[in-house]
Amino acid sequence: MSNRRPLNWNAALRDLNGDRLAVIPGLVTARNRVSAFAGFRKTPLLVAGQFNRSAIMALAADAARDHQGRYGGTWAAAMSVCLKAAWQAAKIARTAGAH
């Protein structure tokens, strides 16, 4: 028996690529939808430099309805994606306001 173990580089690199974070389906669309809803309704995501949590939640719920209609799935999954997207949009708005 040999003390050496063969290494298959193709399999190793494929496994490394598989370990990367996958893009959540609809996340970019949901973030754009939240930003659009905020602009159409003139709902600020920031008030006096603080996150407007009620507006973020309301915009995420509206985006989740559209997300669920477009992608299907459960309400919890749609709300999870849209809340992540809403917080991303709020953080982007905070960064844009700082500059």
Item to check | Which listed residue is part of a helix (DSSP H, G or I) and surrounded by 10 or more Cβ atoms within 10 Å (Cβ to Cβ), from A11, A55 | outcome: A55
Item to check | Members of segment 66-75 found to be surrounded by fewer than 20 Cβ atoms within 10 Å (Cβ to Cβ) and touching a residue at least 12 places away in the same chain (Cβ under 8 Å), listed by number | outcome: D66, R70, Y71
Item to check | Residue list for segment 1-54, restricted to those being within 20 Å of G69 (Cα to Cα) and among the β-branched types (V, I, T) | outcome: V23, I24, V28, T29, V34
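Can you tell me which residue among A60, A96 is surrounded by 15 or more Cβ atoms within 10 Å (Cβ to Cβ), assigned to a helix (DSSP H, G or I) and aliphatic (A, V, I, L, M)? Quick ask: steps written out before the conclusion?
On the way: A96 fails: surrounded by 15 or more Cβ atoms within 10 Å (Cβ to Cβ).
Of A60, A96, the one residue that is surrounded by 15 or more Cβ atoms within 10 Å (Cβ to Cβ), assigned to a helix (DSSP H, G or I) and aliphatic (A, V, I, L, M) is A60.
So that you can scan it fast, the table gives a plain yes or no per residue for (1) touching a residue at least 12 places away in the same chain (Cβ under 8 Å); (2) among the basic types (K, R); (3) touching a helix residue (DSSP H, G or I) at 6+ places or on another chain (Cβ under 9 Å):
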position: N3; (1), (2), (3): no, no, no
position: P6; (1), (2), (3): no, no, no
position: F37; (1), (2), (3): yes, no, yes
position: K42; (1), (2), (3): no, yes, no
position: L46; (1), (2), (3): yes, no, yes
position: D62; (1), (2), (3): yes, no, yes
position: L83; (1), (2), (3): yes, no, yes
Checklist outcome for this item: Here the residues within segment 16-52 that are within 19 Å of the chain's Cα centre (by Cα), loosely packed, with under 13 Cβ neighbours inside 10 Å, in a loop (DSSP other than H, G, I, E, B) and hydrophobic (A, V, I, L, M, F, W, C) are L21, A22, V23
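Since every read-out is calculated from the coordinates, none of them should be taken as a lab result. Note that this is a predicted model, so its numbers are computed, not measured. Cβ sites come from the backbone with ideal geometry, for glycine too, and all protein chains shown count toward neighbours.
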